[in-house]
Each structure stands twice: as structure tokens, then as C-alpha cells.
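The values are calculated or read from the model by the stated rules, or taken from the named source; none is laboratory data. Please read these numbers as outputs of a predicted model, since none were measured by experiment. Here the Cβ positions follow ideal geometry from the backbone for every residue, glycine too, while neighbour counts run over all protein chains shown.
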Amino acid sequence: MTCTQWGRISMSFSFGRNLVMHVFGESHGALVGVIVEGFPTGLRIDEGRIQAELDKRRPGTSAMVTQRKETDQLKILSGNINGISTGAPITMIIENKDVDSSSYVDFKRRPRPGHADFPATVKYGGHSDIRGSGVFSGRMTAALVMAGALVRGYLDDRGISVEARLTQIGGYAIEGRLPESIISKAKEDGDSLGSLAACTIEGMPVGIGEPMFESIESVIAHAMYSIPAVKGVSFGAGFECAKMRGSEFNDQYRMEGGKIVTTSNNNGGILGGLSNGMPIVFHVAIKPTPSISRPQMTVDLDSGKECEMTINGRHDPCIGIRAIPVIENLTAFCMADLLLR
């Protein structure tokens, strides 16, 4: 599905039949925005909550994230009168203010390892926006946060919560506070760290989801892999199930307080693609930030020769820190869409 052309390349994707999200803008363009179609009429739009979620992923907030300074001030352009949804598409944007594209000039000729520079240059005939990685930038996830934060009240009213958290950074398990010394050391070394996040959805009624292509796993996995840097998604026990017997893995049923529950949750609250009433649990693997200042090898596309390069600029030493509100709010968007079906 293609939306109106905003900038050099438009990007839009949709989830399901009811809520539809269109993302537009670029990392170093004028703005990043999202259009949400299908949001129910007459519901309160909590601008404060959307702004609070944007603030969680905003750059420049600590030494552990990129030092790009952006206010990420929410602007709602349509679909909202006096804080109530009108039924028209809801358009939300944030403007790009602290843009420095000087360090990106050479990347069309010498593509960065781990980035989309090379395949995007080939795909778009050299016309893709290289500045800040354009539409392939992690900054585009601000649009996903806006769309997801919009529907959080709709989920609250139905007793549904979504919570994501980091469980691991660079092989180190996280218990409470982030391991700042480990992140600082990687940054000092001109390097970066991968991470693992867990997300839990509580309160979903039994039987939500559609068989096969619109199962809960299908919808969530599609959404998570739309986040730049996500390289793995697993549900419940995930890949550990390959080591188990059926007698170990099966979640046996029992009665508790007049409800049918399971004694374990290896299936992550999903059976046959449908919610089974238990917490929906999944994990997301996030690759290390590809922009590192250590020398790396690439190929000069003009000469066809191998060469060494270094990447300058402002980058996150661990993408996972600011990915948490993205995972959480995009998951909320998926759940609202499934409920509206």
C-alpha cells in the first residue's frame, strides 16, 4: 500500500483490516509522521500520554544514547477536535531540528557495514536518501510509538496492559538498573552492544487472533521485524522448545478461581494463533548498533576496490535502550487492531 509521496521515498505498511498505519518522512528530512486510519470515533486522544511515550525514545537524554538533540514535540494535524477522535484519519508528526548530514556524504560511494546503504542504493538507482539512513533509520520508529501510544487508552478500558523491558545487554543479564559501565566501555572501545527484550501482554480475552496468516504470532512478528535492528522474535519458551519433550513443553490445564488456566506458559499465551487467556509473552533480539567508530572494511562502489572506513557522528552504543518504548507501543497497536476485528 502506498501513501502520498512525502519526501523521496514513501513508506507505509498496515496491520489487518481495521487499524491501518501509514509512516512517512525521513531521518534528516523535515519531519517524521504517521497517519492512523480506523481509530474508533468519539474516543479521547491523550496527547500527554503520546508525548510521554515519545519522550521515552527521544535521543539526547543520557550518555548511554545518541547525543542528537531533538524535542520530538508531538503535533496532531487531523482527526482530533477538543481531544476527541472524529473518525477521520489521525495524522501525527514530529519535526527534525538537530540535523547534521555532513558525515553521510560518502556513504553512497562507500556503504557502511551493517546498514541498508548498499541494497538501498541498488534498489532505488542511487536516489535513496542517505542522510541519517533516510527511511531506514531508527528515527522512523518515532512514528510507531505515536501510533501505538494513541491506542493505549482503548486497551486500558478493556483491562489490557502491555509492558516491555530489557533482559540482556551484550550477553549480560539485566537485573534492575542498566549496566552503565558495560555500555560506557563499549562506547569507549568504539563499539556497540546487542540486546534482548521481553514483552508481556496481560488481560487479552480468550480466542483473539485469526488462523494462519493473521495469528497473534504472525501479526506481532510482522510488526517487530518492521523495527530496524530487530533480528529475532520468539514466543513463550521460544527456541528452547527444540530441546524439550511434549510432556515438558505442554501447558497443562487446571482450574483457578473459576477460570481455566495453565500450569506453565511455554506457548506464551498463544495456541493455534489464538490467545488462550494466559499472559502473551515474547522476546525480541536486537542487533548491535552498526554505526561504530572502529575501522571496518567496505568496497568503493566507484572504483570497485576494497577500502577501510570509519563512521563518525552521533550513534547509540546500544539500540535496545530506546527500542523498548517502540516494542511496547507497536505491540499495543497490534493488539488494538486484533481486538477491533
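Couple of notes before you dig in:
- For the range 89-136, the tally of residues that are out of contact with any strand residue (DSSP E or B) (no Cβ under 7 Å at 6 or more places or on another chain), modelled with pLDDT of 85 or more and polar (S, T, N, Q) stands at 1.
- Looking across Gly269, Gly313, one residue alone is at pLDDT below 95 and within 24 Å of the chain's Cα centre (by Cα). It is Gly313.
- Which numbered condition Gly148 misses (of (1) among the small types (Gly, Ala, Ser); (2) outside any loop (DSSP other than H, G, I, E, B); (3) surrounded by fewer than 18 Cβ atoms within 10 Å (Cβ to Cβ)): (3)
- Where strands (runs of 3 or more DSSP E) sit wholly within the range 154-250, none has at least 1 residues that are at positive phi, surrounded by fewer than 19 Cβ atoms within 10 Å (Cβ to Cβ) and touching a helix residue (DSSP H, G or I) at 6+ places or on another chain (Cβ under 9 Å).
- Of all residues in the range 296-333, those being among the hydroxyl-bearing types (Ser, Thr, Tyr) and either closer than 25 Å to Ile216 by Cβ or in contact (Cβ under 8 Å) with a residue 60 or more places away in the chain (or both) number 2.
- Qualifying residue in the range 78-97 (condition: closer than 19 Å to Pro290 by Cα, of a type outside the set (D, E, K, R) and either exposed (fewer than 15 other Cβ atoms within 10 Å of the Cβ) or in contact with a Phe, Trp or Tyr (Cβ under 9 Å, 6 or more places away or on another chain) (or both)): no
- Restricting the range 251-265 to residues that are outside any loop (DSSP other than H, G, I, E, B) and of a type outside the set (A, V, I, L, M), the residue that is nearest to Glu217 (Cα to Cα): Thr262
- Looking at Gly268, Gly313, just one residue is at positive phi, surrounded by 15 or more Cβ atoms within 10 Å (Cβ to Cβ), assigned to a loop (DSSP other than H, G, I, E, B) and in contact with a strand residue (DSSP E or B) (Cβ under 9 Å, 6 or more places away or on another chain), and that residue is Gly268.
- Checked against the criterion of being surrounded by fewer than 21 Cβ atoms within 10 Å (Cβ to Cβ) and modelled with pLDDT of 90 or more, the candidates Arg44, Arg8, Arg17 yield just one match: Arg44.
- Filtering Met224, Met212 for residues that are in contact (Cβ under 8 Å) with a residue 24 or more places away in the chain and in contact with a strand residue (DSSP E or B) (Cβ under 9 Å, 6 or more places away or on another chain) leaves a single hit, Met224.
- The range 316-336, residues that are modelled with pLDDT under 95 and outside any loop (DSSP other than H, G, I, E, B): Gly320, Ile321, Arg322
- Matching entry among Ser247, Ser293 (being over 20 Å from Glu217 (Cα atoms) and modelled with pLDDT under 95): Ser293
- Checking each residue in the range 274-302 for being surrounded by 18 or more Cβ atoms within 10 Å (Cβ to Cβ), of a type in the set (S, T, N, Q) and in a loop (DSSP other than H, G, I, E, B) picks out Asn276, Thr289, Ser291.
- Hey, Gly126 surrounded by fewer than 18 Cβ atoms within 10 Å (Cβ to Cβ) and more than 20 Å from the chain's Cα centre (by Cα) or not: yes
- Residue that is farthest from Glu70 (Cα to Cα), among those in the range 137-181 that are at pLDDT 95 or above and acidic (Asp, Glu): Asp157
- Among the residues of the range 79-119, those identified as out of contact with any Pro (no Cβ under 8 Å at 6 or more places or on another chain), in a helix (DSSP H, G or I) and not acidic (Asp, Glu) are Ser102, Ser103, Tyr104, Val105, Phe107, Pro119.
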